[in-house]
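Report on the following structure.
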Amino acid sequence: MMKEGNLLQVSQIKLPIGYKAEDVKNACIRKLKINDKDLIAYEIKKQSIDARKKEEIHYSLSVVVTLEDRAYNKILSAKKPKTDVTVY
């Protein structure tokens, strides 16, 4: 269970079959464009396989992340909000 705080849900994270926990963390950091020390915790909420293209089968994840105040506020105050990121 995630603790309360600066929670965001990050959707549409694409990862290869056989990914590792570190891959989830790195994908969240890349998608949010934050430093890795700004990511306090993360938890996979939904995982599905996207097999629409046979040669590109991958997982699509929704992940809830807990962020440091600075990173959280920066993401929420962005002029152009990311479509795959919502307040949780």
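With respect to the cross-link table entries Lys46/Lys79; Lys20/Lys80; Lys31/Lys79; Lys31/Lys80; Lys33/Lys53, which display a Cα-Cα separation exceeding 26 Å? Beyond 26 Å: Lys46/Lys79; Lys20/Lys80; Lys33/Lys53.
Applied to the range 68-85, the Karplus parametrisation 6.51 cos²θ - 1.76 cosθ + 1.60 on θ = phi - 60° returns per-residue 3J(HN,Hα) values of 5, 3, 4, 5, 4, 5, 5, 5, 5, 8, 4, 5, 10, x, 6, 6, 8, 10 Hz, with x for Gly and Pro.
Taking only protein heavy atoms and a 1.4 Å probe, what accessible area per residue, in Å², does the chain have with all protein chains in place?
70
Return the Rg/Rh ratio of the chain with Cα-based radii and a Kirkwood Rh. Taking Rh as the inverse mean 1/r over Cα pairs, Rg/Rh reads 0.98. Scanning residues 5 or more positions from Tyr88 or on other chains, those with amide H under 5 Å from its amide H are Leu7, Leu8, Gln9, with H placed 1.01 Å from N in the peptide plane.
The listed residues Arg52, Arg30, once ranked by accessible area (1.4 Å probe) with the largest placed first, stand as Arg52, Arg30. Amide H to amide H, with H built 1.01 Å from N, Tyr59 comes under 5 Å of Leu15, Ile17, Asp50, counting only residues 5 or more places away or on other chains.
Could you work out what % of the accessible surface of the chain is carbon and sulfur, using a 1.4 angstrom probe and leaving DNA, RNA and ligands out of the count? Answer for the chain is 50 percent, counting heavy atoms of protein chains only.
Put simply, the amide H of Ala41, placed in the peptide plane, has neighbours under 5 Å in Thr66, leaving out anything fewer than 5 places away on its chain. Placing pseudo-labels 7 Å out from each Cα toward the beta carbon at Lys25 and Arg52 gives an inter-label distance of 3.1 nm. Taken along the Cα-to-beta-carbon direction at a fixed 7 Å, the label points for Lys33 and Ser60 span 2.4 nm.
The values are calculated or read from the model by the stated rules, or taken from the named source; none is laboratory data. All values derive from a computational prediction rather than experimental measurement. Please note: Cβ atoms are built from the backbone with ideal geometry, for glycine as well, and neighbour counts cover all protein chains shown. The area values use the complete protein model at the heavy-atom level, side chains included, leaving out ligands, DNA and RNA. Shrake-Rupley method; radii C 1.70, N 1.55, O 1.52, S 1.80 Å.
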